[in-house]
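Report on the structure given below.
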(Lines give C-alpha, C1' and ligand atoms only; values in the text may rest on other atoms or scores of the structure.)
Protein backbone atom coordinates (compact mmCIF):
# COMPACT_ATOMS: atom_id res chain seq x y z
CA UNK A 1 0.00 0.00 0.00
CA UNK A 2 1.90 3.10 1.23
CA UNK A 3 2.30 6.18 -0.92
CA UNK A 4 0.72 4.66 -4.05
CA UNK A 5 -2.53 4.17 -2.14
CA UNK A 6 -2.36 7.73 -0.79
CA UNK A 7 -1.92 9.08 -4.32
CA UNK A 8 -4.86 7.04 -5.59
CA UNK A 9 -7.06 8.18 -2.70
CA UNK A 10 -6.27 11.82 -3.43
CA UNK A 11 -6.92 11.37 -7.15
CA UNK A 12 -10.18 9.49 -6.64
CA UNK A 13 -11.51 11.96 -4.06
CA UNK A 14 -10.89 14.76 -6.57
CA UNK A 15 -12.57 12.80 -9.36
CA UNK A 16 -15.62 12.12 -7.16
CA UNK A 17 -15.90 15.71 -5.93
CA UNK A 18 -18.78 16.79 -8.17
CA UNK A 19 -20.74 13.63 -7.33
CA UNK A 20 -20.20 14.12 -3.58
CA UNK A 21 -21.47 17.70 -3.81
CA UNK A 22 -24.49 16.53 -5.82
CA UNK A 23 -25.28 13.98 -3.09
CA UNK A 24 -25.11 16.67 -0.45
CA UNK A 25 -27.38 19.07 -2.33
CA UNK A 26 -29.99 16.41 -3.04
CA UNK A 27 -30.09 15.16 0.56
CA UNK A 28 -30.20 18.78 1.75
CA UNK A 29 -33.46 19.38 -0.13
CA UNK A 30 -35.11 16.38 1.59
CA UNK A 31 -34.34 17.56 5.16
CA UNK A 32 -36.30 15.00 7.18
CA UNK A 33 -36.56 14.67 10.96
CA UNK A 34 -35.27 11.68 12.90
CA UNK A 35 -37.22 8.48 12.25
CA UNK A 36 -38.90 10.05 9.21
CA UNK A 37 -35.99 10.12 6.76
CA UNK A 38 -37.90 8.17 4.10
CA UNK A 39 -36.75 10.09 1.02
CA UNK A 40 -33.21 10.18 2.36
CA UNK A 41 -33.31 6.42 2.98
CA UNK A 42 -34.55 5.70 -0.53
CA UNK A 43 -31.93 7.95 -2.09
CA UNK A 44 -29.09 6.26 -0.18
CA UNK A 45 -30.54 2.80 -0.85
CA UNK A 46 -30.63 3.53 -4.59
CA UNK A 47 -26.97 4.58 -4.47
CA UNK A 48 -25.97 1.44 -2.58
CA UNK A 49 -27.90 -0.67 -5.08
CA UNK A 50 -26.10 1.10 -7.92
CA UNK A 51 -22.75 0.39 -6.30
CA UNK A 52 -23.65 -3.23 -5.56
CA UNK A 53 -23.36 -2.87 -1.79
CA UNK A 54 -25.60 -5.15 0.27
CA UNK A 55 -27.38 -3.53 3.20
CA UNK A 56 -30.02 -3.92 5.86
CA UNK A 57 -32.31 -1.32 7.40
CA UNK A 58 -31.61 0.29 10.76
CA UNK A 59 -35.03 1.01 12.17
CA UNK A 60 -37.33 2.19 9.38
CA UNK A 61 -35.07 4.81 7.85
CA UNK A 62 -31.41 4.02 8.53
CA UNK A 63 -29.14 1.74 6.52
CA UNK A 64 -26.19 -0.52 7.27
CA UNK A 65 -24.08 -1.66 4.33
CA UNK A 66 -21.39 -4.34 4.20
CA UNK A 67 -18.31 -4.71 2.02
CA UNK A 68 -16.41 -7.95 2.62
CA UNK A 69 -13.00 -7.97 0.98
CA UNK A 70 -12.81 -11.75 1.20
CA UNK A 71 -9.45 -11.47 2.95
CA UNK A 72 -8.74 -11.65 6.69
CA UNK A 73 -8.40 -8.32 8.40
CA UNK A 74 -10.09 -5.81 10.69
CA UNK A 75 -13.81 -5.09 10.86
CA UNK A 76 -14.25 -1.34 10.45
CA UNK A 77 -17.43 0.74 10.80
CA UNK A 78 -17.70 4.02 8.90
CA UNK A 79 -20.60 6.08 10.25
CA UNK A 80 -22.66 9.08 9.17
CA UNK A 81 -25.91 10.51 10.54
CA UNK A 82 -28.71 11.51 8.17
CA UNK A 83 -31.45 13.43 10.02
CA UNK A 84 -32.31 17.12 9.92
CA UNK A 85 -33.64 19.61 12.50
CA UNK A 86 -36.95 21.42 13.09
CA UNK A 87 -35.38 24.72 11.98
CA UNK A 88 -36.63 27.17 9.35
CA UNK A 89 -33.72 27.73 6.98
CA UNK A 90 -32.86 31.26 5.93
CA UNK A 91 -32.44 31.54 2.13
CA UNK A 92 -29.11 33.26 2.84
CA UNK A 93 -26.02 32.20 4.74
CA UNK A 94 -23.71 34.74 6.40
CA UNK A 95 -22.48 36.04 3.03
CA UNK A 96 -25.46 35.86 0.71
CA UNK A 97 -27.73 33.44 -1.12
CA UNK A 98 -26.99 29.79 -0.33
CA UNK A 99 -26.42 27.26 -3.15
CA UNK A 100 -29.28 24.97 -2.09
CA UNK A 101 -32.15 25.18 0.34
CA UNK A 102 -34.47 22.76 2.09
CA UNK A 103 -37.73 22.09 0.29
CA UNK A 104 -39.40 21.02 3.54
CA UNK A 105 -41.17 23.69 5.65
CA UNK A 106 -39.67 24.32 9.10
CA UNK A 107 -37.10 21.55 8.57
CA UNK A 108 -33.47 21.97 7.55
CA UNK A 109 -30.05 20.35 7.66
CA UNK A 110 -28.79 22.99 10.09
CA UNK A 111 -26.10 20.74 11.55
CA UNK A 112 -24.41 19.23 8.48
CA UNK A 113 -25.75 15.69 8.44
CA UNK A 114 -26.43 16.05 4.72
CA UNK A 115 -22.70 16.55 4.26
CA UNK A 116 -21.92 13.53 6.44
CA UNK A 117 -24.18 11.27 4.40
CA UNK A 118 -22.74 12.60 1.14
CA UNK A 119 -19.16 12.04 2.29
CA UNK A 120 -19.92 8.48 3.34
CA UNK A 121 -21.50 7.75 -0.04
CA UNK A 122 -18.40 9.21 -1.70
CA UNK A 123 -16.13 7.16 0.57
CA UNK A 124 -17.94 3.94 -0.32
CA UNK A 125 -17.56 4.60 -4.04
CA UNK A 126 -13.88 5.43 -3.58
CA UNK A 127 -13.18 2.34 -1.47
CA UNK A 128 -14.93 0.10 -3.97
CA UNK A 129 -12.46 1.28 -6.60
CA UNK A 130 -9.66 0.18 -4.24
CA UNK A 131 -11.32 -3.07 -3.19
CA UNK A 132 -8.38 -5.20 -4.34
CA UNK A 133 -6.19 -3.39 -1.80
CA UNK A 134 -8.59 -3.89 1.12
CA UNK A 135 -8.61 -6.61 3.75
CA UNK A 136 -11.21 -7.46 6.37
CA UNK A 137 -14.78 -6.17 6.37
CA UNK A 138 -16.08 -2.64 6.03
CA UNK A 139 -19.47 -1.63 7.43
CA UNK A 140 -21.28 1.56 6.40
CA UNK A 141 -23.71 2.99 8.94
CA UNK A 142 -26.19 5.68 7.90
CA UNK A 143 -27.66 6.43 11.32
CA UNK A 144 -31.20 7.83 11.51
CA UNK A 145 -32.44 10.09 14.26
CA UNK A 146 -29.17 11.17 15.84
CA UNK A 147 -30.71 14.44 17.01
CA UNK A 148 -33.76 12.94 18.72
CA UNK A 149 -32.33 9.57 19.76
CA UNK A 150 -34.50 7.54 17.39
CA UNK A 151 -31.69 5.52 15.82
CA UNK A 152 -29.56 4.82 18.88
CA UNK A 153 -31.38 1.68 20.18
CA UNK A 154 -31.33 0.10 16.71
CA UNK A 155 -27.62 0.77 16.29
CA UNK A 156 -26.84 -0.61 19.75
CA UNK A 157 -28.71 -3.83 18.96
CA UNK A 158 -26.98 -4.09 15.59
CA UNK A 159 -23.51 -3.63 17.07
CA UNK A 160 -24.21 -6.23 19.77
CA UNK A 161 -24.41 -8.86 17.01
CA UNK A 162 -21.12 -7.95 15.37
CA UNK A 163 -17.40 -8.08 15.99
CA UNK A 164 -16.05 -4.58 15.34
CA UNK A 165 -12.42 -3.54 15.71
CA UNK A 166 -12.78 0.19 15.17
CA UNK A 167 -15.28 2.89 14.23
CA UNK A 168 -14.70 6.14 12.32
CA UNK A 169 -16.92 9.14 11.80
CA UNK A 170 -16.55 12.83 11.20
CA UNK A 171 -18.57 15.96 11.80
CA UNK A 172 -18.37 19.23 9.91
CA UNK A 173 -17.44 21.87 12.46
CA UNK A 174 -18.31 25.56 12.06
CA UNK A 175 -15.70 27.04 14.47
CA UNK A 176 -12.82 25.37 12.59
CA UNK A 177 -11.27 26.95 9.48
CA UNK A 178 -12.42 25.38 6.22
CA UNK A 179 -10.40 22.35 5.15
CA UNK A 180 -8.73 21.80 8.50
CA UNK A 181 -9.16 18.39 10.14
CA UNK A 182 -8.81 17.40 13.79
CA UNK A 183 -8.36 13.80 14.96
CA UNK A 184 -7.27 14.81 18.46
CA UNK A 185 -7.34 12.10 21.13
CA UNK A 186 -9.31 12.29 24.37
CA UNK A 187 -12.62 14.01 25.24
CA UNK A 188 -13.93 15.87 22.18
CA UNK A 189 -17.66 16.37 22.73
CA UNK A 190 -19.68 16.75 25.90
CA UNK A 191 -21.99 14.41 27.69
CA UNK A 192 -25.30 15.89 28.69
CA UNK A 193 -28.06 15.88 31.26
CA UNK A 194 -31.50 16.75 29.92
CA UNK A 195 -33.54 18.81 32.37
CA UNK A 196 -37.29 18.27 32.05
CA UNK A 197 -39.02 19.01 35.35
CA UNK A 198 -42.66 19.69 36.15
CA UNK A 199 -43.41 21.45 39.41
CA UNK A 200 -46.87 20.50 40.71
CA UNK A 201 -48.45 23.11 42.98
CA UNK A 202 -51.94 24.37 43.75
CA UNK A 203 -53.50 27.00 41.54
CA UNK A 204 -55.68 29.94 42.52
CA UNK A 205 -56.18 33.67 42.30
CA UNK A 206 -52.97 35.68 42.02
CA UNK A 207 -54.21 38.11 44.69
CA UNK A 208 -54.04 35.39 47.39
CA UNK A 209 -50.77 33.49 47.00
CA UNK A 210 -51.19 32.32 50.59
CA UNK A 211 -54.09 30.13 49.46
CA UNK A 212 -52.03 28.56 46.67
CA UNK A 213 -48.78 26.71 46.13
CA UNK A 214 -47.33 28.77 43.31
CA UNK A 215 -45.40 26.42 40.97
CA UNK A 216 -44.03 29.33 38.92
CA UNK A 217 -42.40 30.82 42.01
CA UNK A 218 -41.07 27.39 43.04
CA UNK A 219 -39.63 26.83 39.54
CA UNK A 220 -37.92 30.23 39.73
CA UNK A 221 -36.44 29.36 43.12
CA UNK A 222 -35.08 26.06 41.78
CA UNK A 223 -33.45 27.72 38.77
CA UNK A 224 -32.03 30.51 40.94
CA UNK A 225 -30.62 28.12 43.53
CA UNK A 226 -28.99 25.61 41.20
CA UNK A 227 -25.99 27.66 39.94
CA UNK A 228 -24.82 28.34 43.50
CA UNK A 229 -25.34 24.76 44.60
CA UNK A 230 -23.46 23.41 41.57
CA UNK A 231 -20.57 25.83 42.04
CA UNK A 232 -20.13 24.83 45.67
CA UNK A 233 -20.40 21.08 45.20
CA UNK A 234 -18.78 20.30 41.84
CA UNK A 235 -15.04 20.13 41.21
CA UNK A 236 -13.95 23.56 39.99
CA UNK A 237 -11.39 21.94 37.64
CA UNK A 238 -14.07 19.88 35.85
CA UNK A 239 -16.42 21.98 33.72
CA UNK A 240 -20.18 21.42 33.92
CA UNK A 241 -22.35 23.94 32.08
CA UNK A 242 -25.89 24.77 33.21
CA UNK A 243 -28.31 26.12 30.61
CA UNK A 244 -32.02 26.71 31.18
CA UNK A 245 -33.88 27.12 27.89
CA UNK A 246 -37.46 27.31 29.14
CA UNK A 247 -39.54 28.10 32.21
CA UNK A 248 -43.24 28.01 31.52
CA UNK A 249 -46.27 28.24 33.75
CA UNK A 250 -49.64 29.87 33.47
CA UNK A 251 -51.41 31.79 30.73
CA UNK A 252 -52.73 35.01 32.30
CA UNK A 253 -51.50 37.53 34.83
CA UNK A 254 -54.05 37.00 37.60
CA UNK A 255 -54.31 33.20 37.72
CA UNK A 256 -51.71 31.05 39.44
CA UNK A 257 -51.48 27.72 37.55
CA UNK A 258 -51.35 24.22 38.97
CA UNK A 259 -47.99 23.45 37.41
CA UNK A 260 -44.89 24.94 35.84
CA UNK A 261 -42.18 23.44 33.63
CA UNK A 262 -38.39 23.77 33.59
CA UNK A 263 -36.43 22.62 30.51
CA UNK A 264 -32.71 22.82 29.79
CA UNK A 265 -29.44 20.91 29.76
CA UNK A 266 -26.12 20.50 31.55
CA UNK A 267 -22.96 19.52 29.67
CA UNK A 268 -19.75 17.90 30.89
CA UNK A 269 -16.59 16.12 29.73
CA UNK A 270 -16.20 13.65 32.61
CA UNK A 271 -19.04 11.20 33.14
CA UNK A 272 -18.65 10.96 36.92
CA UNK A 273 -18.97 14.72 37.29
CA UNK A 274 -22.05 14.72 35.07
CA UNK A 275 -23.68 12.03 37.19
CA UNK A 276 -22.88 14.08 40.29
CA UNK A 277 -24.45 17.17 38.69
CA UNK A 278 -27.61 15.20 37.92
CA UNK A 279 -27.85 14.07 41.54
CA UNK A 280 -27.40 17.67 42.75
CA UNK A 281 -30.06 18.86 40.30
CA UNK A 282 -32.61 16.37 41.59
CA UNK A 283 -31.89 17.00 45.26
CA UNK A 284 -32.11 20.75 44.81
CA UNK A 285 -35.38 20.54 42.87
CA UNK A 286 -37.00 18.12 45.30
CA UNK A 287 -35.89 19.88 48.50
CA UNK A 288 -36.78 23.33 47.19
CA UNK A 289 -40.22 22.12 46.14
CA UNK A 290 -40.76 20.47 49.52
CA UNK A 291 -40.11 23.72 51.37
CA UNK A 292 -43.10 25.26 49.58
CA UNK A 293 -45.31 22.16 49.70
CA UNK A 294 -44.95 21.48 45.97
CA UNK A 295 -44.01 18.23 44.26
CA UNK A 296 -41.57 17.39 41.46
CA UNK A 297 -42.19 15.16 38.45
CA UNK A 298 -39.45 14.27 35.95
CA UNK A 299 -40.57 14.28 32.32
CA UNK A 300 -39.53 12.28 29.29
CA UNK A 301 -35.74 11.85 28.87
CA UNK A 302 -35.08 13.81 32.08
CA UNK A 303 -31.85 11.94 32.73
CA UNK A 304 -28.39 11.44 31.26
CA UNK A 305 -28.76 12.61 27.67
CA UNK A 306 -25.34 11.37 26.63
CA UNK A 307 -21.84 10.63 27.79
CA UNK A 308 -18.64 12.43 26.76
CA UNK A 309 -17.30 11.50 23.35
CA UNK A 310 -13.71 10.29 23.75
CA UNK A 311 -11.37 9.50 20.87
CA UNK A 312 -9.18 6.47 21.49
CA UNK A 313 -5.53 7.51 21.80
CA UNK A 314 -4.15 4.65 19.69
CA UNK A 315 -6.74 5.11 16.96
CA UNK A 316 -6.11 8.86 16.88
CA UNK A 317 -2.40 8.14 16.43
CA UNK A 318 -3.17 5.69 13.62
CA UNK A 319 -5.33 8.34 11.93
CA UNK A 320 -2.68 11.04 12.30
CA UNK A 321 0.14 8.87 10.98
CA UNK A 322 -1.92 7.73 8.00
CA UNK A 323 -3.30 11.13 7.06
CA UNK A 324 -0.24 13.24 7.71
CA UNK A 325 1.48 12.05 4.53
CA UNK A 326 -1.67 12.12 2.41
CA UNK A 327 -3.40 15.41 3.19
CA UNK A 328 -1.74 18.77 2.40
CA UNK A 329 0.67 20.04 5.03
CA UNK A 330 -1.14 21.98 7.73
CA UNK A 331 -4.47 20.20 7.23
CA UNK A 332 -4.25 18.27 10.51
CA UNK A 333 -4.67 20.57 13.50
CA UNK A 334 -5.59 20.50 17.17
CA UNK A 335 -9.03 21.88 17.90
CA UNK A 336 -10.93 22.83 21.01
CA UNK A 337 -13.57 20.64 22.60
CA UNK A 338 -17.18 20.95 21.48
CA UNK A 339 -19.93 21.28 24.10
CA UNK A 340 -22.58 19.59 21.92
CA UNK A 341 -23.46 15.92 22.52
CA UNK A 342 -23.43 13.02 20.05
CA UNK A 343 -24.67 9.42 19.92
CA UNK A 344 -21.20 8.46 18.66
CA UNK A 345 -20.09 8.90 22.27
CA UNK A 346 -21.84 5.65 23.22
CA UNK A 347 -20.31 3.71 20.34
CA UNK A 348 -16.83 5.02 21.12
CA UNK A 349 -17.25 4.01 24.77
CA UNK A 350 -17.39 0.38 23.58
CA UNK A 351 -15.44 0.42 20.31
CA UNK A 352 -12.07 2.16 19.92
CA UNK A 353 -12.16 4.74 17.19
CA UNK A 354 -12.04 8.35 16.05
CA UNK A 355 -14.62 11.07 15.55
CA UNK A 356 -12.92 13.75 13.47
CA UNK A 357 -13.86 17.43 13.18
CA UNK A 358 -13.80 18.84 9.62
CA UNK A 359 -13.63 22.63 9.41
CA UNK A 360 -16.20 24.49 7.28
CA UNK A 361 -15.62 28.08 8.41
CA UNK A 362 -15.10 30.23 5.31
CA UNK A 363 -15.96 33.94 5.70
CA UNK A 364 -15.66 34.36 1.92
CA UNK A 365 -18.42 31.78 1.37
CA UNK A 366 -20.50 32.71 4.42
CA UNK A 367 -20.17 29.31 6.05
CA UNK A 368 -19.27 30.22 9.61
CA UNK A 369 -22.66 30.25 11.34
CA UNK A 370 -23.06 28.10 14.43
CA UNK A 371 -24.72 24.71 14.19
CA UNK A 372 -28.51 24.54 14.75
CA UNK A 373 -28.80 28.06 13.34
CA UNK A 374 -30.94 29.32 10.44
CA UNK A 375 -27.80 30.68 8.71
CA UNK A 376 -25.76 27.48 9.08
CA UNK A 377 -24.22 26.36 5.79
CA UNK A 378 -21.52 23.98 4.59
CA UNK A 379 -18.40 24.82 2.58
CA UNK A 380 -18.75 22.14 -0.09
CA UNK A 381 -15.11 22.43 -1.13
CA UNK A 382 -14.05 20.51 1.99
CA UNK A 383 -16.17 17.42 1.33
CA UNK A 384 -13.47 15.74 -0.75
CA UNK A 385 -11.11 16.16 2.21
CA UNK A 386 -13.57 14.27 4.41
CA UNK A 387 -13.80 11.47 1.86
CA UNK A 388 -10.02 11.22 1.52
CA UNK A 389 -9.60 11.23 5.30
CA UNK A 390 -12.16 8.44 5.71
CA UNK A 391 -10.43 6.24 3.16
CA UNK A 392 -7.05 7.20 4.61
CA UNK A 393 -8.10 6.03 8.07
CA UNK A 394 -9.31 2.70 6.65
CA UNK A 395 -5.99 1.92 5.01
CA UNK A 396 -3.94 3.24 7.92
CA UNK A 397 -5.87 1.01 10.31
CA UNK A 398 -5.50 -2.00 7.99
CA UNK A 399 -1.72 -1.47 7.89
CA UNK A 400 -1.52 -1.17 11.66
CA UNK A 401 -3.69 -4.26 12.11
CA UNK A 402 -1.50 -6.28 9.73
CA UNK A 403 1.67 -5.17 11.53
CA UNK A 404 0.23 -6.31 14.86
CA UNK A 405 -0.81 -9.65 13.41
CA UNK A 406 2.67 -10.17 11.99
CA UNK A 407 4.31 -9.36 15.32
CA UNK A 408 2.02 -11.74 17.21
CA UNK A 409 2.91 -14.55 14.82
CA UNK A 410 6.66 -14.10 15.17
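Side notes on the structure shown:
- Filter result for residue 316 (modelled with pLDDT under 95, buried (at least 21 other Cβ atoms within 10 Å of the Cβ), in the same structural domain as residue 112 (by TED's automatic domain parsing) and not in a strand (DSSP E or B)): no
- For the residues 247, 197, the requirement of being within 25 Å of residue 148 (Cβ to Cβ) and touching a residue at least 40 places away in the same chain (Cβ under 8 Å) singles out 197.
Okay, residues lined up against (1) closer than 21 Å to residue 173 by Cα; (2) buried (at least 24 other Cβ atoms within 10 Å of the Cβ); (3) more than 18 Å from the chain's Cα centre (by Cα):
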site	(1), (2), (3)
71	no, no, yes
89	yes, yes, yes
92	yes, no, yes
96	yes, no, yes
117	yes, yes, no
132	no, no, yes
135	no, no, yes
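- The residue of the stretch 370-410 that is nearest to residue 139 (Cα to Cα), among those that are in a loop (DSSP other than H, G, I, E, B) and under 17 Å from the mean Cα position of the chain (by Cα), is 378.
- Residue 142 being part of a strand (DSSP E or B) and in the same structural domain as residue 52 (by TED's automatic domain parsing): yes
- Some residue of the stretch 350-362 being out of contact with any helix residue (DSSP H, G or I) (no Cβ under 9 Å at 6 or more places or on another chain), within 14 Å of residue 183 (Cβ to Cβ) and either surrounded by fewer than 23 Cβ atoms within 10 Å (Cβ to Cβ) or at pLDDT 95 or above (or both): yes
- So residue 273, is it outside any loop (DSSP other than H, G, I, E, B), without any contact (Cβ under 8 Å) to a residue 60 or more places away in the chain and not assigned by TED's automatic domain parsing to the domain that holds residue 338: yes
- Of the residues making up the stretch 280-302, not a single one is under 26 Å from residue 187 (Cβ atoms), in contact with a helix residue (DSSP H, G or I) (Cβ under 6 Å, 6 or more places away or on another chain) and not in a helix (DSSP H, G or I).
- Number of positions in the stretch 138-149 that are more than 19 Å from residue 357 (Cα to Cα), within 15 Å of the chain's Cα centre (by Cα) and crowded, with 23+ Cβ neighbours inside 10 Å: 2
The values are calculated or read from the model by the stated rules, or taken from the named source; none is laboratory data. Note that the structure is predicted; figures quoted are calculated from it, not measured. All Cβ positions, glycine included, derive from the backbone under ideal geometry; neighbour counts span all protein chains shown.
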